[in-house]
Amino acid sequence: MKLSDKLEILADAAKYDASCASSGAPKRASDGNDGGIGATTGMGICHSYTPDGRCVSLLKILLTNFCVYDCQYCVNRRTSNVPRARFSVAEVVKLTHDFYLRNYIDGLFLSSGIIQSSDYTMEQLVAVARTLREVHHFKGYIHLKTIPDADPLLIAEAGRYADRLSVNIELPTHDSVTRLAPEKNVHTIKLAMGSIRRKLDEKAEEPKGPSFAPAGQSTQMIVGADASDDQTILNTAETLYGSYKLKRVYYSAFSPIPQSPDSVPLAPPPLLREHRLYQADFLLRGYGFTAGELMPAAGNLALDVDPKLAWALANREHFPMDLNRADAEMIARVPGIGLRNAKRIVDLRRLRRVRWEDLSRLRCSMKKIAPFVVTADYKPAQGLASSDLLRRHLGAPQEQMNLWPELKAA
Amino acid sequence: MNAAAAVAMVAAGQPLVVSSFLEWRAVARELLVHDVAPELVTWNQVGVLDADLFSGAPDSAPSVDNVPAGLTPTKPAPHIPRALMDMLQSAACCRVPDRWAFLYRVIWRWQHGEHDVQSPADADGARLHAMVKAVRREEHDMHAYIRFRERPIEAGPPQFAAWFEPRHDVLPQVAEHFKHRMGGVTWMIGTPEASVMWDGASLHHTGPLMSSAADLDDAGEALWLTYYRSIFNPARVNAQLMQSHIPSRFWKNLPEGAIVPAMVSNAELGARSTGQAQAVGRKSGATIPIAPADAQPERQQPSKLDECRRCDLWQYATQAVGGEGPKKAQIMLVGEQPGDQEDLAGKAFIGPAGKLLDRVFEAAGLERREIYLTNAVKHFKWEPRGKRRLHKTPAQREVEACHYWLDKELASVKPKVIVALGATALKSVIGNGNAKLGESLGKAIRHEDRWVVTVYHPSYILRVPDEEAKHQAFKVMVDGLKLAQSLLERPPEEPPA
């Protein structure tokens, strides 16, 4: 099979992994002395975007899409009638190198179907990373998918070469994994995440020790393949962040696959729901919100308003908030004011009182903040308006009910 | 230009012509020292003619010597903070006609105590921030959207060439980025204003050498387009989102730009129902003939304890942590529950509390390996606090649910003495949810044919802030363990001293 045919198949097979981040690696540069190429700036660069609006930062491919597992939501499951291919180690190295020199990518994100055994598959992934790093002195970004049942020694070796490791939790609940991914096991997935975290902790305690996944670990959860609600999803995310110090949880709206089994839906991907989950996740990671604050009851995040606005509307006792008095952490909870602007407002306060016009220059979303803030020269007239009224005013316009949802879904 | 002559030129009504940030900085310092107000200065960019129609280029610049009277230095040398200087330097790359005049206005205001000029909430500050952002954005876009094409070997170096049309003056700093990225591989980048070449050892900056993208037939580009088509998920087509990420001026120089319209219209015509690329769907497929039983990975059978669902704690924990120690130990130590470290490692008392416990053992003259160590609750209960897991005391129903496992351990190990660490352990061991730590602390009580000695939990010592109280609690623990040991020698009917 030609290299381009393999690439066609194995990139198609890899697209369902949402992560393409190349940030968080330590700064590295090539001076040309070792014959190597590649650099990392710590920031990560998106080199392109595809028409689905997703960024292309890494060459994201599977080493092979032969797979003995039968995960119902996966296009590469053993019972799926997809074309199959397998790269050699040398082919992946060459593709990475060639793409990198043309400035198409920041590095490699390599995953694989499970062939023979977990250990064998993991060994193959590690071999690619080892060859890139030790033979070709490649200093670009490497993200390796970790096979949860692989020997911890292999995971440790993967961490020596990779900037980031990830183990997919796959689905939000134990029961869903048991039902839809019969060969996977939440217990061993958590153990693998735990062993990576312990390695990361060890490295933090001994900074001079050998390198271990300096960009940390991440995971991915599929949204919409099972019936789990957003409360369950955010609780699972919170559990994973707390337990394994993940850098990111990625939410991947389930995309229907060819010859879909009956166990998973045929509906189009729930993209707005996925978007709301990312927004909520951002609030968990950066803003000090807890899952319980964002989703106090069972159900899904609101689609008409973003999660921060929804929280503010449900917690009016904090508002309107006097920006000349509140601390930065609370200011960042105002809908329309982000972390950076919260800090800028507090910085400005040291020089003088904050006025309405300042917020406009800081490019806050003025319509959104209007009912929630008090400044030296502004008090909201809407301060006492009901949350329902504000929601209608600030939320997305109501859509007419669709009479034939089946047609729209088809 | 000569910075020293700047003041005289301003006095003579002549424009100041600068070509670089360093030059501007030297001139600006000189003007600040002489307290020359921004309104008095006209700045011209080198190469920008007729910036001011009424100020022709001067025939000869006034020399330093004929500084008019009254223009002696009146201000101390300016101290501009590094952060502001960095911003000014970035903003200087922004192609706006009045860039030098604006930067001088900012620095002049700062020098006159208007420090909010650095804040984005100030009108000038907002513009300064916007200029810096535009420049950084341009650098970033150039890092991202330059596309190198490989030149044929017979053409000689550089091996790779790229064409880019930057909106601001960012080529020099972008060249540094690619120098580090490409290692020993040679390349050049052409822009309408200038070019830069990397020969593998040093950078060479020159005037414009190219006038458009190099027309090279690069086989690598076909593979990239294959990848680009395949990594796209047509079920998620959202061309608007893509356009919002990459401004339209970049698309014409991106090889993938040419295939986007067809991909979008195909996806919108029906391919969007599944995520698979069309070309892959046309190839013949194959299922993997393997029996479900053979596909199951080999893994250790999870223990009964790990499969325990008597309460909900398992959902938030990594694993259950069972007891550990000699099968027939005479002393069993019962703690509360595993902590963060224990949860990850699957072993009891290995975290900070475990380390403290080791010190207690040592002080009491006991060997850890002779004692059976376990917990009243086998899964870690916690609540999120920022990015950490904060220990949370288990509820009585969880303690009761987990008693099943403690009973099993007691039945199998048959210890003569149980040491209960803290209130939760005490409640569990004597089966009384109302038991109070204070009433039993340091004492031995008889319970179901065994001695139960109650001491503090080591976490209490770690938590209590007062040194004296720490010391006291440590002593209670040591004494308790000594008491436990002495009870081994004592017949059960004899009450402890």
Checklist entry - How about the protein assembly as shown: what cysteines have no other cysteine beta carbon under 4.7 Å from their own? => result A:CYS20, A:CYS67, A:CYS364, B:CYS93, B:CYS94, B:CYS308, B:CYS311, B:CYS402
Checklist entry - What GluC sites (Glu not before Pro) in the stretch B:287-345 are in a loop by DSSP, with at most 14 other Cβ atoms within 10 Å of the Cβ? => result B:GLU298, B:GLU307
Checklist entry - With contacts defined as alpha carbon pairs under 8 Å and 6 or more residues apart, what's the relative contact order of chain B in percent? => result 8 percent
Item to check | Distance-filtered residues of the stretch B:113-144 - backbone nitrogen under 13 Å, label point 7 angstrom along A:PHE282 Cα→Cβ | outcome: none
Item to check | Loop GluC sites (Glu not before Pro), the stretch B:419-497 (other Cβ atoms within 10 Å of the site Cβ: 12 or fewer; DSSP) | outcome: B:GLU448, B:GLU493
Item to check | Rg ratio (alpha-carbon, reference 2.2 N^0.38 Å) - the stretch B:220-265 | outcome: 1.12
Checklist outcome for this item: If amide H atoms are modeled at 1.01 Å from N in the peptide plane, then the residues at a separation of 5 or more from A:ASP322, or on another chain, having amide H under 5 Å from its own are A:VAL374
Item to check | Förster-model FRET efficiency, 60 Å R0, A:ARG391 and B:SER273, C-beta, rounded to 0.05 | outcome: 0.95
Next on the checklist: For the stretch A:205-279 and the stretch A:355-370, what is the centre-to-centre distance using only Cα atoms, to the nearest Å?
Outcome noted: 34 Å
Next on the checklist: Quick query: amide H of B:TRP187 versus all other amide H atoms, modeled in the peptide plane; which residues come in under 5 Å with a sequence gap of 5 or more or a different chain?
Outcome noted: B:GLN159, B:PHE160, B:TRP198, B:GLY200
Next on the checklist: Using a 7 Å offset from the Cα along the Cα-to-Cβ direction at both B:ASP86 and B:ALA155, what is the distance between the two label points in nm, to one decimal?
Outcome noted: 3.9 nm
Checklist entry - From a point 7 Å beyond the Cα of A:MET330 in the direction of its Cβ, which residues of the stretch A:349-380 have a backbone N at a distance under 13 Å? => result A:373-374
Checklist entry - Under the Karplus relation 6.51 cos²θ - 1.76 cosθ + 1.60, θ = phi - 60°, what is the ordered set of whole-Hz ³J(HN,Hα) values for the stretch A:100-108, x standing for Gly and Pro? => result 5, 5, 8, 6, 7, 9, 9, x, 10
Checklist outcome for this item: Per the rule of 0.36 nm per residue minus the C-alpha distance, extending B:ALA214 to B:LYS475 adds in nm 85.9 nm
Checklist entry - What list of whole percents do you get for P(r) of the protein assembly as shown, with Cα-Cα distances grouped in 10 Å bins up to the one holding the largest distance? => result 2, 10, 16, 19, 19, 15, 10, 6, 2, 1, 0, 0
Checklist entry - Between B:GLN301 and A:LEU3, what FRET efficiency follows from the Cβ-Cβ distance if R0 is 60 Å, with the result rounded to 0.05? => result 0.90
Checklist entry - In degrees, nearest 10, range 0 to 90: what is the angle between the Cα axis of helix B:467-489 and the longest Cα principal axis of chain B? => result 40 degrees
Next on the checklist: Please list, by residue number, every one of the trypsin sites (Lys or Arg not before Pro) in the stretch A:198-300 that is coil in DSSP and has at most 14 other beta-carbon atoms within 10 Å.
Outcome noted: A:LYS208
Item to check | Violating pairs (Cα-Cα greater than 27 angstrom) within the set A:LYS199/B:LYS470; A:LYS245/B:LYS381; A:LYS145/B:LYS378; A:LYS199/B:LYS482; B:LYS304/B:LYS414; B:LYS133/B:LYS179 | outcome: A:LYS199/B:LYS470; A:LYS145/B:LYS378; A:LYS199/B:LYS482
Item to check | B:ALA258 versus A:ARG316: modelled label distance in nm, points set 7 Å from Cα along the beta carbon direction | outcome: 6.0 nm
Next on the checklist: Using 18 Å as the Cα-Cα cut-off, could you pick out the over-long pairs in A:LYS6/A:LYS139; B:LYS392/B:LYS443; A:LYS308/A:LYS368; B:LYS327/B:LYS408?
Outcome noted: A:LYS6/A:LYS139; B:LYS392/B:LYS443
Checklist entry - Using 7 Å Cα-to-Cβ label points, what is the B:LYS482/A:SER263 separation (nm, one decimal)? => result 6.2 nm
Checklist entry - For chain B, the longest stretch holding no trypsin sites (Lys or Arg not before Pro) located in a DSSP loop with at most 10 other Cβ atoms within 10 Å is which? => result B:1-251
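Bear in mind that the values in this text are calculations on the coordinates, not laboratory data. Computed from a predicted model, the values in this text were never measured in an experiment. Cβ sites come from the backbone with ideal geometry, for glycine too, and all protein chains shown count toward neighbours.
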